[in-house]
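Trainee: Handing you a structure now.
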Amino acid sequence: MTYLTEKQRDVLDFIRRRIASSGVAPTLQEIADAFGFSSTASAQKHCGLLERKGYLRREKHQKRGLVLPAAGRPGAAAGSLPLLGVVAAGSPIESIPDEESITVPADMLGEDPGYALRVRGDSMVEEGIQDGDIVIVRRAGTAADADMVVALVGGEVTLKRVYREGGGRLRLQPSNAALPPLVVPADQVQVQGIVVGLLRRY
């Protein structure tokens with residue numbers, strides 16, 4: 001799956017509005033003017049990325065050749081989630097809040113859409129989660145055994161599977177045979193959410 005940056009989403013929304021209101025797509029110059037780009041090269045770059053991600057199609061040699069995909073294609077149904085920062089799939093690190101948001105498929109939002117975090121590290125590679133991926137997180141304060149969670153441990157955030165151990169402890173288990181689990185008292189772990197989806201930029 002692919003995701004959109006906030007600027008890419010704004011450009012796509014502008015194109016959609018212009019097609020809906022006038023029946024024709026904006027030119028690259030009109031996009032550049034609308035967003036204050038210094039040249040059409042920036043508009044061309046954004047449109048090219050939208051095309052690669054499946055949200056736009058371009059007719060060659062047409063001044064107004066931007067075409068929206070048919071219903072059911074990636075751009076047809078999507079929503080926005082806040083990208084709150086970085087979560088470690090390795091040793092815990094602090095999340096880094098920022099202003100960015102991403103566009104995700106509507107079927108990943110659910111009733112409580114939650115938020116997104118960018119993964120840093122390789123401790124979840126056996127789950128198919130790579131460094132740089134985006135995880136979609138449903139807000140939750142508790143989790144069942146084997147759930148993949150975003151957990152706050154000693155003021156830092158990490159991504160692991162959680163298991164209850166004897167003696168009031170929790171085991172935060174990586175999915176990488178080369179790395180040891182993190183076993184800590186349960187009262188030192190705060191579950192912040194459960195991972196429900198994964199996005200990757202190719």
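Trainee: Taking only C-alpha pairs under 8 Å that are 6+ residues apart, what is the relative contact order of the stretch 1-49 in percent?
Mentor: Details: 27 pairs, mean separation 13.2, N = 49.
Across the stretch 1-49, relative contact order equals 27 percent.
Trainee: Give me the distance in nm between label points sitting 7 Å out from Cα along the Cα-to-Cβ direction at Gln44 and Glu156, one decimal.
Mentor: 4.6 nm
Trainee: Something else about it: Tell me, in nm to one decimal, what length is gained between Ala146 and Asp131 on full extension, where the rule is 0.36 nm per residue of separation less the Cα-Cα distance?
Mentor: Between Ala146 and Asp131, full extension yields 3.3 nm more.
Trainee: Another question, then. Jot down the per residue volume, in cubic angstrom and as a whole number, of the convex hull over the alpha-carbon atoms of the stretch 6-67. Write down the numbers at each step before the final one.
Mentor: Details: hull volume 4.7 nm³, N = 62.
In the stretch 6-67, the Cα hull volume divided by residue count equals 75 Å³.
Trainee: Further, regarding this structure: Hand me the GluC sites (Glu not before Pro) from the stretch 108-200 located in a DSSP loop with no more than 13 other Cβ atoms within 10 Å, in residue order please.
Mentor: On the way: sites: Glu111, Glu126, Glu127, Glu156, Glu165; in loops: Glu111.
In loop regions of the stretch 108-200 (DSSP not H, G, I, E or B), the sparsely surrounded GluC sites (Glu not before Pro) are Glu111.
Trainee: Could you sort the peptides 142-153, 27-38 by per-residue average Cβ neighbour count (10 Å cutoff), highest mean leading? Each step should come with its number before you reach the end.
Mentor: Numbers: 142-153: 17.5, 27-38: 15.2.
Packing proxy ranking, top to bottom: 142-153, 27-38.
Trainee: Placing +1 at every Lys and Arg Cβ and -1 at every Asp and Glu Cβ, with all other atoms neutral, what dipole size does the stretch 6-67 have around its Cα centre, in debye to the nearest 20? Could the numbers behind the result be given before it?
Mentor: Values: 13 positive and 7 negative charges, 51 e Å.
The dipole magnitude comes to about 240 debye.
Trainee: Using 0.36 nm times the number of residues separating Val184 and Ser21, minus their current alpha carbon distance, what extension gain do you get? List each step's numbers first, then the result.
Mentor: Values: separation 163, 0.36 × 163 = 58.68 nm, distance 5.77 nm.
Here the answer is 52.9 nm.
Trainee: Apply 1/(1 + (r/R0)^6) to the Cβ-Cβ distance of Asp13 and Glu51, taking R0 = 22 Å, and write down the FRET efficiency to the nearest 0.05.
Mentor: Values: r = 16 Å, r/R0 = 0.72.
Efficiency at R0 = 22 Å is approximately 0.85.
Trainee: What lysines does Lys45 reach when the alpha-carbon gap must be under 17 Å and sequence neighbours fewer than 8 apart in one chain are set aside?
Mentor: Lys7, Lys53, Lys60, Lys63
We did not get these values from a lab; they are worked out from the coordinates using the rules stated. Given the structure is predicted, the values throughout are model-derived calculations rather than measurements. Positions of Cβ are generated from backbone atoms using ideal geometry, with glycine treated the same way; all protein chains shown enter the neighbour counts.
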